[in-house]
Every structure is written in C-alpha cells, then in structure tokens.
1. Given the residues Val376, Val358, Val348, which is the only one that is buried (at least 19 other Cβ atoms within 10 Å of the Cβ), among the hydrophobic types (A, V, I, L, M, F, W, C) and at pLDDT below 95?
2. Please go through the range 549-581 and pick out each residue that is in contact with a helix residue (DSSP H, G or I) (Cβ under 8 Å, 6 or more places away or on another chain) and open to solvent by less than 60 Å² (accessible area, probe 1.4 Å).
3. Taking the range 312-321, which residues are in contact (Cβ under 8 Å) with a residue 12 or more places away in the chain and open to solvent by 40 Å² or more (accessible area, probe 1.4 Å)?
4. Would you tally the residues in the range 722-762 being polar (S, T, N, Q) and open to solvent by 50 Å² or more (accessible area, probe 1.4 Å)?
5. Within the range 287-311, count every residue that is more than 19 Å from Tyr565 (Cβ to Cβ), in a loop (DSSP other than H, G, I, E, B) and either among the polar types (S, T, N, Q) or open to solvent by 40 Å² or more (accessible area, probe 1.4 Å) (or both).
6. Does the range 109-118 contain at least one residue that is outside any helix (DSSP H, G or I) and in contact with a Ser or Thr (Cβ under 9 Å, 6 or more places away or on another chain)?
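The values are calculated or read from the model by the stated rules, or taken from the named source; none is laboratory data. Remember, it's a predicted structure, so these values are computed and weren't measured experimentally. No Cβ is skipped: glycine too gets one built from the backbone with ideal geometry, and neighbour counts run over all protein chains shown. Heads up: the accessible areas ignore ligands, DNA and RNA and are worked out on the full protein's heavy atoms, side chains in. Shrake-Rupley method; radii C 1.70, N 1.55, O 1.52, S 1.80 Å.
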Amino acid sequence: MPTKPSSDFKALFIDLYFAKTEEEVDKVIAKNLTLFVNKNWVPIGNNDSNYGIIENQQSNPIAAIVEKVTNSIDAILTKKCLENGIAPSDRKEAPKSMAEAIKLFFPEYKQWELPTFRRKQAEEIQILADGPPRNTSVIIYDNGEGQHPQDFDKTFLSLVRGNKNNIMFVQGKYNMGGSGAIVFCGKKGYQLIGSKKFNGKGKFGFTLVREHPFEKGEEDIKKNTWYEYLVIDGVIPAFDLEGELDLKLLNRKFKTGTIVKLYSYHFPPGYSGFAQDLNQSLNEFLFEPILPIYTIDKKERYPNNKVLEMDLFGLKRRLEEDSNYVDDMFSEIYTDEMIGEMKVACYVFKAKVGENDVKKTKENIRRFFFKNNMSVMFSVNGQAHGHYTSEFVTHQLKFNLLKDYLLIHVDCTKMKYEFRKKLFMASRDRLKGGEEVQYLRDFLGKKLRKSKLDDINKKRKESIGLDSEDTNELLKSFAKNLPKDSDLFKLLQNTLKLEEKKQENTKNDNPKVEKSKKEREPFSPKRFPSFFKLRNKSNGEKSVLSIPQSGEKVIKFDTDVENGYFDRIDEPGQLELAVVSIKRNEGNGGNQEGNEHELNHLLNIAKSSPNEGTIKVSLNPTNEMNVGDEIEIKITLTSPSGPFEEILLVQVKEKEIKPTEIPKQEDDLDNIGLPKLEKVKEENWSKLEEGGVSMNISTVMHPMGEGNKLDVIYINLDSSVYLRYKAKLKTEDQITIAEKRYLASIYFHTLFLYMITKKKNYKLQLNKEGQDEDKTVDEYLRDIFDSYYSDFLLNFGMEQLINSLED
C-alpha cells in the first residue's frame, strides 16, 4: 500500500483527537479501514505477551492518571535541562534530585505561592475533560521534551526499558507509566498519543493504542490478548507541523510537547467534575508536586458549574492554607539506622466546623481530604507511592477517636535506597508485603503513640466527659456467681480494661504540701526564633546526657518560634544535628573527628517540630556505639539572622536492668474495670459534638474504644426509640423501671457484642460508592442499634419473645 500523504495523516489525527468517546473512535476507524488493518498494529514493547505487564500496574484509575502526570513533570524538567545545554544523564552537571532541578531551572519558583504566577506555570501541564459526563475521556498535555516519531517505540511504547534510570532528577525509572492507564480506557483500551520535539525539529508523530481484538479462532491459539499500537507502512504516522494546532487547550495552542487522550475512562463511582473531584483526588496522590498543574472541565458538560478550571499544587499546600478544617498539625523527623531518614507530618481536623454538625463535618473532611481512603500516605518526591487506611489509626495507634480526623504524611524521599526499594511496588500505587513494611508499620506506631498525638487524643476525650453511671454493682448483680475459669469470665478479662482496685488514702502520707503549679504565661510565637537554648542548662558547664545502651532519652529546647516553623512552605527553618567529635573507650581506640554523615550511624534521632515554645529531640544509640563511648554533638536551629547553636555531650552507659515483675494475683470481678455508662440527654449533645461524637434524636448509643479496650458507652435518653417507648407508660414507677431496663439492655448488649466481635477478630468494611471503607467495632455497633435493634430489645423481652413464638 502506498504511503498516505502527510496532510491526510494530519486530518486523521484531528479526527481521532476530537472523537469524544471510544464509540466515536470506532467510527473514525470505520472510515479509514484501509489504514487500520491488522498488519499495521504492533505489540507494545514488541512483546505480544505484554498483557500481564500492563494489566498488573496501577490498581486505581486515579493512580494511573497520576503516572501520566508524573511523566509530564519529568518531560518538563528534562526539557529545561536540555535547554540549559546539560545532558540529563550527566552525573556532574545535571541536578541530583527533583528539588535541586527546580531551584536550578525555575529560580522564580517561590512566586508560585501567588495564584497568578502559579496558574501561569500550571498551563504547562493540563488535564482536560472531554465527552459526556457519564462517558468521560481524559486529555493530558505537557509542554515538555516531546519525542520524535521514530523514538516512540523507545519511549511512549516501550516496557521496562529503564530509559530514565540514569536521570537522577526525575520520578520515573522503568517507563511503565505510559501503559498503566490503558486498562481503564473503555472496553477497547483506546489511547491516542501525539508528540513533537521541544526544539521544533522533526515532524509531529501520533499513534493509537488499543487492546488487540481476537479474530475468529485466534482465542484458541493464544491464552491472553495483548496491547498494540498503530503504525503505517512500518512507521509511526507523522506530518509536518510548522505552525500550531488548535486542540482547545487553556490559553494556548499546541506547538511542541506531548498530548495523550484516554477514551471513555473508567473513573471510580461518584466522580463528577474535573475541577472538584479529580482535582481533589490528584491533590492527594500528588501530596507535594514539584510543578503546579491545571484541571479543566467544559461548560457543555456541566452548564451550572461556575468553577471549571482549577490549578492544583498538592494536598500539603491545601492543608496548610485551610484554617477552617485543620485543628492542629506537627511534624517529626526520624533517623533510624535501618530506615534512614523520614519526615512524618500529622494533620488533625476539627470535629465540628461552623454551622455543620459532626456528621456533615465528617462527610466534608472525607470528601475534601480522604477521597481515596489514604489516612497514612507514603510519598517520594511528593508523589504518593502507597498508603494505609484509617485501620492504622485504630489498630496500630489505638486512637479510635481520631479515626476520621487524622491524616499522616510520611516523606520517604531521604530513606535509605536499599530499605525504600523493598517498600513500594514498581507501579508506585501500593505497598509490598515483607519484613521492611512490617518494621516500618511497627516503628511508626511506636513513635506516633508517644508523640503529640497522644495529648491531642486525650484532650478530645476530656472535652466530652459527662457524669458517669456507677456500673460496678450493675455487673456484680449479673455475674455474682460467675466461675473464674469460665469462658465468659476470660472473655471479660481479655476485652475490658483491667485495673487493680486500690484503697483510697484518706490521709496525706507526704508531709510536704504540694505546691500549686504556676500558671504558664500565654505563648507569643514569633515568625523567626530570637533564642534557642537547652532546657535546665547550667550556666558555664558543659551539658552532659547519659543514655543506656539500647536506651532512649528525650531532651527539650526552649524557643519562641511559631509551631509551623519547620513545615510551612514559605521560609521554613530546620533543626540540624552534627558530630563535633567522638571519643571511643580504650578498647576501641582514642579520639577522632566526626562528621554529619557519621551521626546517622551512631544515633537514631527523632526531631519534633516546635510546640508552644518547646522542641523535643529523642536520642537512641545505635549498635555502633559501645558502653563508655562519648559523642559531642552540635544542635543548630536555623534562622535568617544567623543560626542558634547548643553543644551536648552524649555518653553511653550500661543497660538498665529492669526489676523482675512479681506475677499479679488472678483478677476477680472486683478488679475488672468496666466501661463507663454515660447517660446522655439532649442538652449534652453539643458537648459531645465538640469531641467528635455525633448524637441526635436517631442515635441510641455510641461506644468509644481505645484499640481493643472499650472505655465508655454513651446511651441517649432522648433517642426517638426510647421516647416512643416511654410515651406509652403512665406512672413514674413504670418510667423509672423502663429507664433502668433501657440502660441495662443497651449497656450489656453493647458490651457483649463488642467483646465477641473483638474476640473473633472480625474485619469490618462498608461498601460506599464502590469503595470499601474500614469501620471500627464502635461504628458498626452504633449503626446496629440505630437500625431497629434497640427497638426490638425494648419491646421484646425473652418472655414476650417465647410467648409470641408459641402463638
């Protein structure tokens, strides 16, 4: 077949590009059947067994789009590098990281914090919607490096070539991002790729990707199909592009770069506009992107939507700029000999915002910040590579009250490569299994349980305290003769908090009168620190800290800088630790000078962000340190006016031997700490709301646990269930008995359902809008009691139930 004229190829590209859905692509193909014959289709990666590689990439359609955006960011950085006359793979001249590349190629990057400058830069990467709302296609444009048509097979259409492996300042490595989204493109996998080199040389090339359709009898020969792309006469179709193409981009026409169209894309349920839903989702996956991006919808898709164009620059910026929903935030930097360095930032949301009740606030928080159920997200260079759901908050941290109000970001960029590579799949959308992942989970749980989160959780609990009902007699009357070796007794012991009953001292054995604590003056934070000093430091003496081998010590520093100093986007500060000198004991040979790198081998370090004028640093000797070793370290707090420094001498001493614990006597019923029974009336609802406990007329009870322990059961005396039941009664005695029955029924049924559910280790999930949402036992039981169960308990005692069955 003779080669088709270049002008005809341009018309073909335009027809394909403006096809809004895969059905319209079919029509374009039907008009050009002589071009789309089987011999003009080549397997991606030149491998007709590519089905498994492509199908086993991103499991989430949004994560697959993120990979496309990541490629666009890489393309723009690479273009800038080439424009500066630097070979991207040059180990001496090229940037060593994405952060270094931004500073070198975009010296004006700090202006992006201003909306006007940010939006202008965001036009370089655009994500546009096309097609009807229920059959949306996605267009991704970047003004990046671009590719010559003859190089498509080595770039866009290759698999696991590692063509970016020698470029240190880009995210992609294996060139798999270009194919991960194909599986979400309609029923036929249609994806259009068009590109022209940034320097304007060469032609504009394009191709169409699809899933290979089996012909009659072909499925009997091949086990799986494959994905393929269009060539004509063995080459990528191309045409001369001297001017520009009007591809309906925002504020520009296409001249060079790359444009990709994903037809009839499978979005998760509940996605509507690009400017809201997709923008929010991408902000989560791109927690702190190097470059800003635009998401653009069309008026004909959503005529009533007034916001059709929105730039995005990462969830971090949204969190730090959103004073309405974020109640508190802090960060800690951990240095561990196995992990390396990672920064962990925690964002705690308000339980109630404005005129919204707790339920509405919770819904808004989920929609704005947890659209993809990522309560703990792990990122590299600002892109999420894996996550935990809220299950981590309830099971690992045991902060049930913060389940829907805590977002944790773990920056893994500075982790040791050997450790980090064992955490994430090549698809960069989920964590692997294995020892390293479990080590990281346990490490985070241990550190965060001792962090500021513990204080925040306690304050939330204290904010909703009410007068408690004494429940000791309630249980004793039920379990007076319960055998201690019975399964029921063991179940009670294993599930409830066990507390030793201590005799109250009526006399004060300590003759010293406890001094009342001085009221602390209100903290007046400054934007930059004016001082930094070690707490309780003696004047003129060297500060010495002794740490047991394998032990840990926390030191505190006083300052006057604001809490967000280490985490704010504009002019952040740092706390730096460095070795001054090392003195080994005699068995290890004398003194030696240290360096900053060596500190990470000697001490595991946890640095907290400032909190009301206090900065905490935790130090733990590694296995490199022996008893008798001394290390002198310099702690520096940076500031524009000059750094503040403190010197500390750390000595390693013998391990502390813990005293042998005397086995406790077997607990009896008097020693079982029961969950509190909190009676709630309508006037208490607002107080509960402040702590995140939603209570209204349809709520019967709300259990609150801490990990596996049940702490309190709130029972609503103004629930519609109880009020309807009480309305049938006539005398005060009947009402009194009814209240006791109501409280006892709800309390004990909650107690035992909670214990049994925990004992059996049920994993609870609710499918909501196509996504599995983790639920705690607390939430599960609350829903059960709100759904007719309590009505049944009140109206059908065992005697009535048996009688009704006999009838």
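1. After ruling out the rest, the residue left standing is Val358.
2. Gly564, Asp567, Arg568, Ile569, Gly573, Leu575, Leu577, Ala578, Val579
3. Passing the criteria: Arg318, Glu320.
4. So the count comes out to 4.
5. Number of matching residues: 9.
6. no
Yes or no, residue by residue, for (1) among the β-branched types (Val, Ile, Thr); (2) out of contact with any Lys or Arg (no Cβ under 6 Å at 6 or more places or on another chain):
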{"residue": "Tyr190", "(1), (2)": "no, no"}
{"residue": "Leu230", "(1), (2)": "no, yes"}
{"residue": "Val235", "(1), (2)": "yes, yes"}
{"residue": "Gly243", "(1), (2)": "no, yes"}
{"residue": "Tyr265", "(1), (2)": "no, yes"}
{"residue": "Gly270", "(1), (2)": "no, yes"}
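Residue-by-condition table, conditions (1) in a helix (DSSP H, G or I); (2) touching a Phe, Trp or Tyr at 6+ places or on another chain (Cβ under 7 Å); (3) farther than 30 Å from Leu291 by Cβ; (4) not hydrophobic (A, V, I, L, M, F, W, C):
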position: Met374; (1), (2), (3), (4): no, no, no, no
position: Met377; (1), (2), (3), (4): no, yes, no, no
position: Gly386; (1), (2), (3), (4): no, yes, no, yes
position: Gln438; (1), (2), (3), (4): yes, no, yes, yes
position: Lys447; (1), (2), (3), (4): yes, yes, yes, yes
position: Lys459; (1), (2), (3), (4): yes, no, yes, yes
